[in-house]
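A quick write-up on the structure given underneath.
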Amino acid sequence: MNQTTRPLRSDTERTVGAILEAAERVLSRNPAASMEQIAEAAGVARTTVHRRFASREALVDAMAVWATRQFAEAVQAARPDATPPLVALYQVAANVLRVKRDWGFAMSRALTDGTRVSEVHAAVDACCERLFARAREAGVLRGDVDAGWAKRVYYALIRESAQSRDGDPDELAARIVDTLLTGLGTGRRLT
């Protein structure tokens, strides 16, 4: 995406959002789709897409940044540093599943080190590390459980649940937390 130091006008921001959302829908169905097909799905001219994104690669990169921002906002909306750990584990999982379902193509195209995407993922990871440490301190996880390992298991459960695309995100989040706590917890359950 063309980056400037000043914020986008609201109509430009809406257009960019419509293009990114259309690109997610179109590329999820057909990863080889053209910029013209994306423009048509967004309801804009092909030249509008090219004016906002210099290339298909730039569009996909912008999608990854946009999806990563949605991902970070989903984690923060759960208030993982303030909400009781058991509730936060559930809410983070449910929120992230929604983003992964809505932005699956873009989320699968994570950019490499040194990018804004990597920085956001690192910040989310640090937040989740704190959440898992709090969960162990609160007795939600057994004291002998390595919090870093538990976090990686949690991520894997979310990733697998998002790929299955079956079930409601709230139900899947409950299953994720129950699975995590049955194997690593002190026996407390969500349900």
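Among the protein heavy atoms, those of residue 14 account for about 150 Å² of accessible surface (1.4 Å probe, every chain in place). Here the stretch 39-126 was treated as a single set of alpha-carbon atoms; its pair distances binned every 10 Å from 0 give 16, 40, 28, 12, 4 percent.
Of the accessible area of the stretch 101-167, computed with a 1.4 Å probe over protein heavy atoms only, carbon and sulfur atoms account for 49 percent.
Set against the 2.2 N^0.38 Å expectation for a compact globular protein, the stretch 55-97 has a Cα radius of gyration ratio of 1.47. Dividing the mean sequence gap of close Cα pairs (under 8 Å, 6+ apart) by how many residues the chain holds gives a relative contact order of 19 percent. Placing dummy labels 7 Å off each Cα toward the beta-carbon, the span from residue 119 to residue 12 is 2.0 nm.
Per-residue ellipticity at 222 nm computed for the chain from its helices equals -23000 deg cm²/dmol, with DSSP H segments shorter than 4 residues left out and the rest contributing -39,500 (n - 2.57).
Rolling a 1.4 Å probe over the protein heavy atoms gives the stretch 1-109 an accessible area of 51 Å² per residue. Over the C-alpha atoms of the chain, the Rg to Rh ratio, Rh being the Kirkwood estimate, stands at 1.04. Positive end of the dipole of the chain (Cβ unit charges, origin at the Cα centre): among 169, 181, 58, the Cα lying farthest that way belongs to 58.
With Cα atoms defining each centre, the stretch 94-156 and the stretch 52-73 are spaced 20 Å apart in the structure.
The values are calculated or read from the model by the stated rules, or taken from the named source; none is laboratory data. Source: prediction; values computed, not measured. Don't worry about glycine lacking a Cβ; one is built from the backbone with ideal geometry, like all the others, and counts go over all protein chains shown. Just so you know, the surface numbers come from the protein's heavy atoms only, side chains and all, with ligands and any DNA or RNA stripped out. Shrake-Rupley method; radii C 1.70, N 1.55, O 1.52, S 1.80 Å.
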